[in-house]
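These notes are about the structure you will find just below.
Please treat every number below as a calculation from the coordinates, not as lab data. Values in this document were obtained by computation on a predicted structure and should not be read as measured data. With ideal geometry, Cβ positions are generated from the backbone for all residues, glycine too; neighbour counts draw on all protein chains shown.
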Amino acid sequence: MLGAIFGDIAGSVYEWNNIKTTQFPLYDSEAFFTDDSVMTIAVAKALSETDLSNETEVKQQTIQWMRKIGKHYPDSGYGGHFFQWMFDESMGPYNSFGNGSAMRVSSAGWYASSLSQSLNLAKWVSEVTHNHPEGIKGAQATAAAIYLAKTKHSKKQIKEYIEDHFYSLPVSCDAIRPTYQFNETCQKTVPEAIVAFLDSTDFEHAIRLAISLGGDSDTLAAITGSIAEAFYGMSQSNKEYALSKLDDRLKTIAIDFAQRK
């Protein structure tokens, strides 16, 4: 999960000021956490509090913790529909296929004890808001990639699974970068984020590649970072940097998750 948080923070300064190169300061003093980190942490908290085999309980806890934690950070960059959902407790799922379902799902891949469970958890924590098939698909593809990465599958195996079950992936970051533009949908964020991981040589390189694509850079890097952490691990300095950018409330949950997984 810290990989997603690190990616979100690193990408935060480039979301509205895209940079089409991998050469940039990775530790930027102006960087900050966004809704990607807040919701990643909220979902992790929800899954830590529930029976992972119980769909109803998982959904109830996810709703509870996303609203409870999210309301403390109203200016974190939520989408309009999600912001409304967060403060209107009578509001149900709203058929979204935005990339929010994928950026917040990393704990589903980490907590899962099987590939099928990672898919179930991703579906359940997504469809409380993002119940469009593409929203669920983006979350499941991300969680599956994390599960496969953490269980020591090769990049070739991860790529083949994603292409067999979810997306036809772009050829490379170099092929994506020249024409890629800002897009908040799962179907135009998740494949690109996965390719950034596949093209990378280590965790930091994965983050740099994701941000270099442009577009919704914090979310791209959060998704890429969540997979890259599971595959490569993270240095202590990268972990400490991510934690240093969180406040005490979020940091406590993130540390608890890191100790549990």
Looking only at Ala102, Ala31, Ala46, which one moves most when the chain is put into a Gaussian network model with springs between Cα atoms under 10 Å? Ala31
Any chance you could run the full-extension gain for Arg249 through Phe182? It's 0.36 nm times the residue separation minus the Cα-Cα distance, nm to one decimal. 21.0 nm
Rh_Kirkwood(region 2-260) over Cα pairs, Å, one decimal, evaluates to 17.5 Å
Give me the one-decimal nm value for the distance between modelled label points at Ser114 and Asp75, 7 Å along each residue's Cα-to-Cβ direction. 4.7 nm
Region 179-193-region 215-240 distance, computed between alpha-carbon centres (Å): 17 Å
Where is the GNM fluctuation largest for the chain (alpha-carbon springs, 10 angstrom cutoff): Ser29, Ser101, Ser90? Ser90
One finds, for Gln23 and Glu160 with R0 = 35 angstrom and r their Cβ-Cβ distance, a FRET efficiency to the nearest 0.05 of 0.65
Among Tyr111, Tyr241, which comes first, second and so on when ranked by fewest other beta-carbon atoms within 10 Å? Tyr241, Tyr111
Burial ranking of peptide ranges 196-205, 224-233 (average Cβ count within 10 Å, highest at the top): 224-233, 196-205
Per DSSP, the loop-located trypsin sites (Lys or Arg not before Pro) within region 79-188 having at most 16 other beta carbons within 10 Å are Lys152
Where Rh is the Kirkwood radius over the Cα pairs of region 148-261, the temperature 25 °C and the viscosity 0.890 mPa s, what D in µm²/s does Stokes-Einstein return? 165 µm²/s
Please report, in debye to the nearest 20, how large the charge dipole of the chain is about its Cα centre when each Lys and Arg carries +1 at its beta carbon and each Asp and Glu carries -1 there. 460 debye
